Amino acid sequence: MHAIGIDIGGTKIAGALVDESGTIVSQLRTPTPDGDSDALKSIVVDMINELADGTDAVAAGVAAPGFIDATQSIVYYTPNVPWRHEPLRTALESRVGVPVIIENDANAAGWAEFRFGAGRLSTDMVMLTIGTGVGGAVVSDATLFRGGFGAGAELGHMRIVPNGLPCGCGANGCIEQYGSGRALQRYANTLADAGGIGQRLADVRSKSGGHLHGKDISALALEDDPGALQAFRQLGDWLGQACASLDAILDPQVFVFGGGVAQVGDRLLAPIRQAFLSTLPARGYHPEPEFVIAELVNDAGVVGAADLARVHAAAI
Ligand SMILES: [Zn+2]
């Protein structure tokens, strides 16, 4: 029994036909149209119909950034696309031959890691996706946590610094401002300005026209450049403190880190673990979680959306 997963990203839309073991059977990819709601819907409809054609696909899951309602039908808000209180599920279901659910993209990715990736041996997992921002997903007692209104597990907007840096969400001091790819660039730029251990960061920055790209900071960290490692230590220090608070609330067996920034592996996990242990409440009196890197990376959104759709279809 197959299901279809669609992942609407800021730059591209990915679609896949996925089997019950989480394996992608066929896939499609297309650029995201600029802010055009109708064009976007048509692309998603065409993708679902093309992927479903001639198969036993039972449902389609559509992952999108932003807030989705508790019935997985309405997109309350999504950045980059002009969807505000958009009844997306009804709009899509009238044009495709399978039931549809809508899911937050970080939730879909987290579910994929829980079912088929780095969290598959756990019952309780927290995933933090470190990209431009910080995405979150929580699996508790083998169930994806959505909250009472469907907008739960926005872990990136947990306040970690009172009266801290302003955040795009309208609040301030969110972990997204201290533990994201943008924060990493900020730390690296400050180190580059100071010279010393930041000299290679400064050299790379001037070669890139004055801009430090995340992938360049990661490449330097993988070469054990002391400046880049220091930037990752600063990032990990904040993320580890956030994980200590999350651990006190959720008691997961595993923290999974996804997103491009996490691809440096232990160079990020080591400082996270260190900060976690130094700030963990009641350390030594309860089992400690594992810290691991996500395994599915770019496919997590489509695989998770498809699996959640399959679970939904089975319950109809
Ligand atoms: Zn925020």
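Using label points projected 7 Å from each Cα along Cα→Cβ, tell me how many nm separate Thr11 and Ala270, to one decimal.
Going from the Thr11 label point to the Ala270 one covers 3.0 nm.
Among 129-135, 30-36, what's the highest-first ranking by average C-beta atoms within 10 angstrom per residue? Write out the running numbers ahead of the final one.
Numbers: 129-135: 23.4, 30-36: 12.4.
Most protected by this proxy first, the peptides run 129-135, 30-36.
Quick check: the distance between the Cα centres of segment 174-208 and segment 1-76, to the nearest angstrom?
So the two Cα centres are separated by 36 Å.
Calculate the FRET efficiency for Asp53 and Asp141 from the Cβ-Cβ distance with a Förster distance of 25 Å, rounded to the nearest 0.05. All intermediate terms of the calculation are to be shown ahead of the outcome.
On the way: r = 38 Å, r/R0 = 1.50.
After rounding, the FRET efficiency stands at 0.10.
Can you give the FRET efficiency to the nearest 0.05 for Asp224 and Thr132, using r as the Cβ-Cβ distance and R₀ = 35 Å? Can you show the working numbers first?
Values: r = 25 Å, r/R0 = 0.72.
Once the sixth-power term is evaluated, E becomes 0.90.
Between Arg159 and Ala91, how high is the FRET efficiency from 1/(1 + (r/R0)^6) when r is the Cβ-Cβ distance and R₀ = 41 Å? Nearest 0.05.
Values: r = 36 Å, r/R0 = 0.87.
That pair, Arg159 with Ala91, gives E of 0.70.
Highest mean first, how do 98-106, 206-214, 252-260 rank when packing is the count of other Cβ atoms within 10 Å averaged over residues? Don't skip to the answer; put the middle values down first.
Values: 98-106: 25.1, 206-214: 13.0, 252-260: 22.9.
Put in order of decreasing packing, that is 98-106, 252-260, 206-214.
So how do 71-79, 170-178 stack up, highest first, on mean other-Cβ count within 10 Å? Don't jump to the answer; show the numbers that get you there.
Details: 71-79: 17.2, 170-178: 20.8.
Per-residue mean Cβ counts within 10 Å order the peptides as 170-178, 71-79.
Net charge within 15 Å of Ile101 by Cβ-Cβ distance, Lys/Arg positive one each and Asp/Glu negative one each, not counting Ile101 itself? Kindly include the intermediate steps, with their values, before the conclusion.
Values: positive: Arg89, Arg146, Arg310; negative: Asp7, Asp69, Glu86, Glu93, Glu103, Asp105, Asp307.
Neighbour charge sum, excluding Ile101 itself: -4.
If you line up the Cα atoms of segment 37-135 on their principal axes, what length do they span on each, largest first, in Å?
Extents along the principal axes: 37, 33, 23 Å.
May I ask you to list the lysines whose Cα is less than 25 Å away from that of Lys215, ignoring any residue fewer than eight positions away on the same chain?
Filter leaves Lys12, Lys207.
By Kyte-Doolittle mean hydropathy of at least 0.0 and Cα axial length of at least 27 Å, which whole DSSP H helices of the chain are selected? Don't skip to the answer; put the middle values down first.
Details: long enough: 226-250 (34 Å, 0.45).
Qualifying helices: 226-250.
Please give the charge dipole size of the chain, origin at the Cα centre, charges +1 on K and R Cβ atoms and -1 on D and E Cβ atoms. Round to the nearest 20 debye.
Numbers: 21 positive and 35 negative charges, 152 e Å.
With Lys and Arg at +1 and Asp and Glu at -1, about 740 debye.
State, to one decimal in nm², a quarter of the convex hull surface area for the C-alpha atoms of the chain, i.e. the direction-averaged projected area. Walk me through the intermediate numbers first.
On the way: hull surface 66.6 nm².
Result: 16.7 nm².
None of the figures in this text is laboratory data; all of them are computed from the coordinates on show. Keep in mind the model is a prediction, meaning the values are calculated, not measured. In this analysis, Cβ positions are derived from the backbone assuming ideal geometry, glycine residues included, and neighbour counts consider all displayed protein chains.
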